[in-house]
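I have placed the structure first, in the form of structure tokens, so that the comments after it can refer back to it.
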Amino acid sequence: MSRRDLVLEEMGLGPRWRLRARPDVDFVSAPEALESTSNAVAPMVAAAMPSARREIILQMDWPTLKGAVEQCSACPLHAKRNKTVFGVGDERASWLFVGEGPGADEDAKGEPFVGQAGRLLDNMLAAIGMKRGEDVYIANVVKCRPPNNRNPESGEMSCCEPYLTRQIELIRPKLIVAMGKIAASHLLQTDAAVASLRGRVHEYRGTPLIVTYHPAYLLRTLADKAKAWTDLCFAQDHMAAIVAAGNQAHEER
Ligand code: SF4
């Protein structure tokens, strides 16, 4: 066993996330910013009524949006956070991975998916030839850690919604991968289980969206890693189709 395998085994990530034979995937097609500095905008956002607050956030550029999240106290989650967890990666990425919210490691570091689940996500990305930050952006539905790793509540998600919405507008990803029930439910406005949402291409405001399991769930349910691998292959195939369609449209112009 290699040293890397031993380390992963010790971390409880064994057997290592590895390339398996690609499953036969049933391909199902689916159908200026505020110029103000973040310091000046934050009090304005805080004082605004919810609908006005949302409209202000949806006009923000990256620096203003990051500053607004850093200083946000719009929902009770701000009280116990150490750091806000804005998101990380290529701000023009083709791929956007969305999870539910920060855990303890993320709260301490201010970056999403840095604990065991994060390492598994990195391995999952590596398995399909991708790397965090390279054409990939990772974000969460809520930007502050829910205490005791509980699920974010609906009011908290509603409060935080404009931030993720604006991130998606600014990134303009070709494909969104929703990881876990919270992210899928939030983005698709459905109560359906992950199991029933997998294997299909959904749509989030015109952007294709694929649902898979959350890496933290996979750490607890190793048997479902194979299903997540199927989902990633499905997503990769769909991305290839999107890119091919884009190239063809470009040639026809
Ligand atoms: Fe603000 Fe979102 Fe943090 Fe709530 S979770 S305080 S809305 S940044």
Which of the residues that make up segment 141-174 are over 13 Å from the mean Cα position of the chain (by Cα), within 9 Å of the ligand (Cβ to nearest atom) and in a loop (DSSP other than H, G, I, E, B)?
Cys144, Arg145, Pro146, Pro152
Here the qualifying pairs (Cβ atoms under 6 Å; residues six or more apart or on different chains; first in segment 142-164 and over 11 Å from Gly103 (Cβ atoms); second among the small types (Gly, Ala, Ser) and within 8 Å of the ligand (Cβ to nearest atom)) come out as Val142/Gly101; Pro152/Gly101; Cys159/Ala74
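Is there a residue in segment 231-253 that is basic (Lys, Arg) and surrounded by 13 or more Cβ atoms within 10 Å (Cβ to Cβ)? Give the steps one after another, and end with the answer.
Residues of segment 231-253 basic (Lys, Arg): 253.
Cutting the leftovers down to surrounded by 13 or more Cβ atoms within 10 Å (Cβ to Cβ) gives us none.
Checked against the condition, which is being basic (Lys, Arg) and surrounded by 13 or more Cβ atoms within 10 Å (Cβ to Cβ), segment 231-253 yields no hits at all.
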For segment 65-115, how many residues meet the condition of being more than 12 Å from the ligand (Cβ to nearest atom), part of a helix (DSSP H, G or I) and closer than 21 Å to Val136 by Cα?
3
Could you identify the single residue in Leu197, Leu209 that is at pLDDT 95 or above and buried (at least 21 other Cβ atoms within 10 Å of the Cβ)?
Leu209
Name, by its number, the condition in (1) over 15 Å from His214 (Cβ atoms); (2) modelled with pLDDT of 95 or more that does not hold for Lys131.
(2)
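The values are calculated or read from the model by the stated rules, or taken from the named source; none is laboratory data. What you are looking at is a predicted structure, and each value in this text was computed from that prediction instead of being measured. Cβ coordinates were reconstructed from backbone atoms using ideal geometry, including for glycine residues, and neighbour counts include every protein chain displayed.
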